[in-house]
Structures are given as C-alpha cells and as structure tokens.
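Structure first, commentary second.
The values are calculated or read from the model by the stated rules, or taken from the named source; none is laboratory data. This is a predicted model, so every value here is computed, not measured. Note that each Cβ is placed from the backbone with ideal geometry, even for glycine, and that neighbours are counted across all protein chains shown. To get the accessible areas, we keep the full protein, side chains included, count just its heavy atoms, and leave off ligands, DNA and RNA. Shrake-Rupley method; radii C 1.70, N 1.55, O 1.52, S 1.80 Å.
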Amino acid sequence: MKNSVYSLEYIICIIFSLAVFSCADVEKSDIKPNDDIVVESPSTSDSPEETPSEETPEITECILDLSTVKEGETIAINCLLDLEEKTIMLPKNVTLSYDGGDIINGTLNFSNTGLIDGRLLNSSLKIDGDTQLINTEFEFTPSRWAITEGKVNDDVARRNRDILEENMVLIKELGASKFLIENMDAYFNVVEIKSNFRPSQGAISIPADFYLKMSDNTHIRMQPNNFKQPSLLGIFTANNVTIEGGNLYGDRDEHDYSSGGTHEWGHCVNIDGSKNVIIKNITITDAAGDGVNIHDFGHTFDPHYTFSEDVLVTGNKIIRARRNGISITGGKELIIEENELIDSGTSTDKSIGTAPQWAIDIEPVWSNGTKFEIVENVIIRNNTERGSEKGGFINARGHYITYEGNLMESTIAIGETIGSIVRNNTFKNPTKNSKTAILAGMNDPRGHGNERNSDNQVYGNTIIGFDKGIFLQDPEIDLHSNTITNCKSGIQILNSRDSKIRNNTITSNRERSEGIANKVSEYIDNVTITENTIKVVGSPFRFTSVNLEDPQKDFRITIENNDATSTGNNISSFNKIRGFFFKNNLCHNSGIRTVRASSGYISNNTFENGIIIISEGSTDISFTDNIVTGGKCFNENSTDVSNIIKSNNTCDI
C-alpha cells in the first residue's frame with residue numbers, strides 16, 4: 001500500500017467538516033428538554049510511531065455554545081470550555097454535570113433552580129443566579145482556587161486565608177453540607193486589626209451550618225506574626241459547625257514576641273459564642289496560646305451575651321500548646337472526650353511556656369463579685385494527659401463539671417465549684433511537677449453551702465506512685481472509694497469543713513509513708529473519716545496543729561470504723577489538736593499517741609501489737625473500752641497531763 005502524507009491544515013479541515021455535518025444531521029425537534037447531551041471533544045488517533053504516554057492527557061477544548069442550551073437540559077462536561085470572560089445566561093432547570101472536563105474564564109448565570117457539579121468550580125469561574133450543587137459534598141482542590149502552598153510572604157498567606165474563607169461561604173450558599181480538603185499544605189495570615197473585630201473573625205472563619213472535613217494530608221499553618229491574639233480557625237456566633245480531621249499548626253516557635261507581654265492568646269481553634277459545634281479528630285500542634293479555646297461572646301451583663309453551648313471536642317491530639325491544651329472560660333453543656341493532651345504549657349528551645357500551663361483549664365472570669373462569664377455542665381471524660389508543665393485538668397469557678405475515665409500523669413484540681421465530680425480516673429507515672437494527683441476543693445473560710453463551694457464528689461479514682469494522693473480542702477466534699485497505691489501520703493486534709501472521707505483504700509511500701517493526715521490546717525470541722533482500709537509503713541493517721549484557736553473550740557473530727565495497718569509498727573499521732581473522736585477502729589501493728597492534744601475521745605478501738613502513749617500537754621482526753629494486744633498497754637511518759645480518763649480498757653500484758 002502506498003503511504004499517504006497529509007498536511008496539518010488538511011487534517012484540521014477534515015475534522016471540522018465532520019463535526020459540522022454531524023451536528024447538521026440532528027434536527028432541533030429531535031432534542032428533548034431532559035435529554036442528556038454529552039459534549040465530546042474532537043480527537044485524532046495516535047500515529048503508529050507514537051509511544052503511549054503514561055501521563056494523564058490534558059483536557060481538550062470544547063466546541064460548544066452554552067448560550068444555546070434549552071430549559072431543562074443536562075450537559076455533561078468532558079472537555080475544556082473557555083468562556084472567554086463572557087457571561088452566559090442559562091435557562092431554567094439546567095444541569096451542568098462533570099465528566100472529566102472543566103469550565104473557565106467567565107460567568108454562568110443560572111435562572112431558577114439550576115444545578116452544577118462542584119468539580120467544575122474554580123477560581124476563574126463565577127456563579128450567579130439561582131443554582132445549587134448537584135452533590136452535597138464539595139472537595140476543595142487548592143490548585144483550582146489559586147491557593148499557594150508552602151512557605152510564602154504575608155500578603156500571599158493573607159490571600160490564602162481570603163480564598164479559603166470565601167470558598168467556604170460560596171460552597172455553603174450553593175447548598176453543600178460538607179466541605180472536603182484532601183491534600184493541602186499552606187500558610188494562612190490571620191492577623192486582622194480592626195476596631196471591635198474579634199480574633200475569631202480575623203481567623204479562617206467557619207460559617208454556620210457547615211461541615212469542614214480534612215484528611216491526614218491536610219496541613220493548615222498559621223503564618224508567623226507578632227500579633228498578641230491571633231486565631232487560626234474561628235467559629236464566631238456560628239451554630240451547627242463541625243470541623244473534622246487534618247492538622248493545624250500554631251506559630252509558637254516562629255512567633256515574634258518582641259512587643260512585650262505574654263502573647264498568650266494565639267489559639268488554633270477559637271470557639272466564640274457558638275452552639276452545636278463539633279471539633280473532631282484533629283492534630284493540633286504548637287499553638288502560641290491554646291490548642292482549643294471555648295468562650296462566650298460578650299459578658300453576662302451585655303444584652304448580646306451569647307453562650308458557647310453544646311460543644312463536643314473529641315478524638316483530637318493537642319501537642320505542645322504554649323499555654324493550655326484546652327481553655328474554657330465560658331460555655332455550658334460541653335463535652336471534652338477521648339482527646340490526647342501532650343506537653344501542655346511546656347517550653348521548647350525557641351519559646352517559653354506561659355501560664356497557666358495546664359492541659360485543660362476551666363476558668364471563667366469573675367472579679368469583685370461580678371461574673372463576667374459562666375461555665376456550667378461540662379463533661380471531661382476518657383482523655384489521655386501527659387507531660388503537662390503545671391498540671392493536668394483544673395476547674396476554678398466552673399459549676400457541675402464532671403471528670404471521669406481520664407488517664408492522667410498530672411493533677412486534677414477543682415476549687416470554687418458546685419456540684420462537680422472527679423470519678424474513675426487513673427493517675428500514674430507522675431511528671432516532675434505533679435506532686436499530688438487530686439486537689440479537691442479550695443481554702444474557703446466562708447464555709448458550707450455558700451455560692452462558691454458545695455456538693456462536690458471525688459470517688460472511684462486509682463492513684464499510683466504520687467507523692468500525695470489527694471488533698472482535701474473546704475468545704476462539703478464526699479471523698480470515697482478511691483484506691484491510692486505507693487504514695488508518700490494517701491490523703492492530706494487542709495482547711496476543711498463538712499466533708500466525708502470514706503471507703504478508700506490506701507496502701508504503700510514507701511519509707512515513712514502515711515495514710516490520712518492534715519497539712520498546715522488551721523481548722524478541720526465536721527469531717528468524718530470512716531470505713532477506710534489503710535496499710536502503710538508509717539503512721540496510719542497523723543494530725544498536728546489544728547483547731548487551736550478560740551473560734552474553733554467546738555470543731556470536731558471523727559475517725560471511726562477504719563482498718564489501719566502500719567507495716568513499720570508506727571503509731572497514729574495526734575499532736576496539738578483539739579476536738580477529735582477516734583472510735584471503733586481496728587489498728588494492726590500500730591497504736592496511738594497524743595501530744596498537747598485536748599478534747600479527745602478514744603474509744604472501742606483495737607490496737608493489735610500496739611500501745612497507747614499519753615505525752616506532755618495532753619488534757620481532757622478519755623480512753624474507754626479499748627483493747628491493746630502485743631504485751632504493751634498505756635505509756636504515760638509525762639506528768640504534764642490533766643483530766644485524762646481511762647475506763648474499761650483491756651491490755652494483753
């Protein structure tokens with residue numbers, strides 16, 4: 001066969017002629033309004049000499065005039081349609097579907113309930129009129145929207161912020177319920193200095209009724225700045241928002257702190273007076289302030305005051321937040337669960353941590369009797385905390401807060417709170433700054449039933465290896481059913497009233513370890529210590545220098561029905577204490593000693609292999625119906641005692 005060679009012009013001419021005649025063969029009357037029209041691109045076969053490319057071929061240009069589309073038609077776009085900066089008016093009920101093509105450089109103006117596939121949208125195509133997306137999920141591709149990835153200058157990073165935020169607004173207006181980002185690694189400039197403009201508005205601001213879903217390959221980074229209160233993602237008075245997945249990065253190690261001050265307000269997620277919010281499965285790293293900050297909009301006395309309410313923060317990993325992992329200064333009906341909080345408040349080689357430096361901090365602003373914000377009804381459960389600089393979880397002035405099922409290396413502290421619960425948490429592997437597992441209550445001279453402290457519980461917790469297991473302070477705390485192992489001191493009581501310590505198990509083989517004692521207490525009143533099991537090396541009970549002032553003359557401590565063992569054969573000690581009952585206790589390998597103690601009632605106890613020692617200054621103390629075994633009985637080693645009553649005691653000598 002003879003080879004034929006044709007010019008390029010000749011081939012183009014033939015193709016064009018075929019296209020024209022093909023279209024001419026179709027009568028207009030044959031096209032029905034709802035027929036699908038697939039816009040095919042002209043193509044030529046590869047010559048035999050060509051090697052097929054493994055790369056995806058570029059989209060070929062369309063030969064199509066959208067201005068001729070009829071009402072109700074569905075157009076499948078499988079080629080590149082350049083609108084050449086024109087505005088195309090589309091009739092009613094037109095659908096533009098995606099079939100591998102694209103539409104660029106112009107405006108589509110839909111008339112009455114048009115539909116378009118989100119995969120056709122891009123930065124050069126403007127959408128006007130009445131239209132919605134075909135699919136309720138939209139996948140954002142950075143390159144289609146002029147996002148510049150990698151390290152950039154401030155102007156480009158600001159443009160990135162504007163592009164992403166404007167896209168979210170557009171996609172929401174087009175009816176999508178979920179905004180997906182699969183692959184992106186970009187910086188965003190979120191510094192916005194305007195009068196009455198909040199950091200949550202200067203951030204990449206997430207609109208209401210919106211679901212942002214990111215993948216493990218999504219990296220959103222704060223452009224380094226010198227602003228004192230930038231936020232990366234902001235939710236400002238926006239309800240029904242979900243943010244899921246992805247990686248968020250603060251600028252703590254690149255931040256410019258030179259203007260002075262703490263610069264503690266650089267948050268990665270800022271929830272500001274919003275409701276029905278979910279923050280889920282995000283990795284948040286190196287916030288200059290908090291990983292997540294939840295607060296109200298305005299103050300309680302403002303007419304526009306708006307709670308953050310029904311917020312769920314779950315499954316996130318928050319790493320090296322310079323201030324706190326999560327801060328809550330305003331909100332109600334919040335759940336913080338199944339998060340990992342790592343190295344909160346710690347310092348790095350490039351930036352120093354800033355107070356308070358806890359993993360989770362609940363701290364509404366109150367001052368001089370005014371409650372500027374309110375925190376109520378928060379559940380903090382099944383979280384893992386480790387490496388925090390100052391402590392794990394703290395509650396100062398939040399009411400009805402529950403901590404449960406958390407795995408802790410550091411302290412949980414509650415104070416100035418009503419109706420709060422610390423239960424079923426596990427504390428182990430304490431960090432260098434974690435001396436005490438649980439700080440329960442606060443020093444509150446106003447006492448029982450006031451508006452600051454009442455009806456709090458600490459129970460079911462497991463504590464291993466801390467210096468101190470639990471500190472108990474004022475007032476009205478029910479501390480029960482906790483298991484405290486290998487601590488130097490199981491439970492220590494500071495100033496406290498109207499509380500119960502019951503059914504706890506304290507065991508320790510550490511040298512000089514003790515069970516229940518007081519620590520620098522001015523007063524302890526109406527505190528009952530009952531039905532605890534104690535096995536320690538040192539003193540099962542030790543109290544000193546408490547209730548000595550005249551206003552405390554009628555204060556009382558009751559210690560009863562406990563099972564206490566000292567493996568080191570050490571006695572329980574009551575030194576410089578007034579007003580105590582010690583009764584119905586079973587003490588193994590241990591006795592009791594009073595020194596400068598008064599108004600004491602020691603009755604119906606059994607001291608196995610023990611002794612009763614009455615030392616100098618003891619006065620107005622009765623010993624009745626006690627049993628002492630092991631060959632010893634009473635030891636009165638001082639004549640400086642008075643009004644000591646001994647009645648019906650039994651000694652095995």
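Go through (1) open to solvent by less than 60 Å² (accessible area, probe 1.4 Å); (2) modelled with pLDDT of 95 or more for Ile418 and report which single condition fails.
Condition (2) is where Ile418 drops out.
Return only the number of the condition from (1) farther than 27 Å from Glu333 by Cβ; (2) free of Cβ contacts under 8 Å to residues at least 40 places away in the same chain; (3) open to solvent by 10 Å² or more (accessible area, probe 1.4 Å); (4) over 21 Å from the mean Cα position of the chain (by Cα) that Glu476 does not satisfy.
Here Glu476 meets the rest and fails (1).
For segment 602-611, enumerate the residues that are more than 49 Å from the chain's Cα centre (by Cα) and free of Cβ contacts under 8 Å to residues at least 24 places away in the same chain.
Matches in segment 602-611: Ser603, Asn604, Thr606, Phe607, Glu608.
Please give the number of the condition Gly460 fails out of (1) open to solvent by 30 Å² or more (accessible area, probe 1.4 Å); (2) at positive phi.
(1)
Has segment 154-167 got at least one residue that is under 18 Å from Ile220 (Cα atoms), of a type outside the set (D, E, K, R) and open to solvent by 40 Å² or more (accessible area, probe 1.4 Å)?
There is no residue in segment 154-167 that is under 18 Å from Ile220 (Cα atoms), of a type outside the set (D, E, K, R) and open to solvent by 40 Å² or more (accessible area, probe 1.4 Å).
Give me the strands (runs of 3 or more DSSP E) completely within segment 495-571, filtered to those with at least 3 residues that are modelled with pLDDT of 95 or more and in contact with a Pro (Cβ under 8 Å, 6 or more places away or on another chain), ordered by residue number.
514-518, 563-566
Can you tell me which residue among Gly345, Gly392 is buried (at least 21 other Cβ atoms within 10 Å of the Cβ) and not in a strand (DSSP E or B)?
Within the list Gly345, Gly392, the selection yields Gly345.
Looking at (1) open to solvent by 40 Å² or more (accessible area, probe 1.4 Å); (2) under 27 Å from Gly353 (Cβ atoms), find the lone condition where Ile278 falls short.
All conditions are met except number (2).
Test Arg578 against the criterion of being open to solvent by 10 Å² or more (accessible area, probe 1.4 Å), touching a helix residue (DSSP H, G or I) at 6+ places or on another chain (Cβ under 8 Å) and modelled with pLDDT of 95 or more, and give yes or no.
Yes: the conditions hold for Arg578.
Given the structure, is Leu115 in contact with a strand residue (DSSP E or B) (Cβ under 9 Å, 6 or more places away or on another chain), free of Cβ contacts under 8 Å to residues at least 60 places away in the same chain, open to solvent by less than 30 Å² (accessible area, probe 1.4 Å) and of a type outside the set (Lys, Arg)?
no
Could you list, ordered by first residue, the pairs with Cβ atoms under 6 Å in which the first is in segment 636-653 and more than 20 Å from Ser598 (Cα to Cα) and the second is open to solvent by less than 90 Å² (accessible area, probe 1.4 Å), at least 6 apart or interchain?
Filtered contacts from segment 636-653: Asn648/Thr624; Asn648/Asp625; Thr650/Ile627; Cys651/Val628; Cys651/Cys633; Asp652/Thr629; Ile653/Gly631; Ile653/Cys633.
Can you pull out every residue in segment 122-151 that is open to solvent by less than 50 Å² (accessible area, probe 1.4 Å) and in contact with a helix residue (DSSP H, G or I) (Cβ under 7 Å, 6 or more places away or on another chain)?
Asn122, Leu133, Phe138, Phe140, Trp145, Ile147 - these are the residues of segment 122-151 that are open to solvent by less than 50 Å² (accessible area, probe 1.4 Å) and in contact with a helix residue (DSSP H, G or I) (Cβ under 7 Å, 6 or more places away or on another chain).
Pick out, from segment 11-115, the strands (runs of 3 or more DSSP E) lying fully within it that include 2 or more residues that are at pLDDT 55 or above and under 50 Å from the mean Cα position of the chain (by Cα).
74-77, 80-92, 95-98
Restricted to segment 217-241, and to residues that are open to solvent by 20 Å² or more (accessible area, probe 1.4 Å) and not in a loop (DSSP other than H, G, I, E, B), which residue is nearest to Ala176 (Cα to Cα)?
Per the criteria, the residue is Phe236.
Could you list, in sequence order, the residues of segment 183-214 that are open to solvent by 60 Å² or more (accessible area, probe 1.4 Å) and more than 20 Å from the chain's Cα centre (by Cα)?
Result: Asn183, Ile193, Lys194, Ser195, Asn196, Phe197, Arg198, Asp209.
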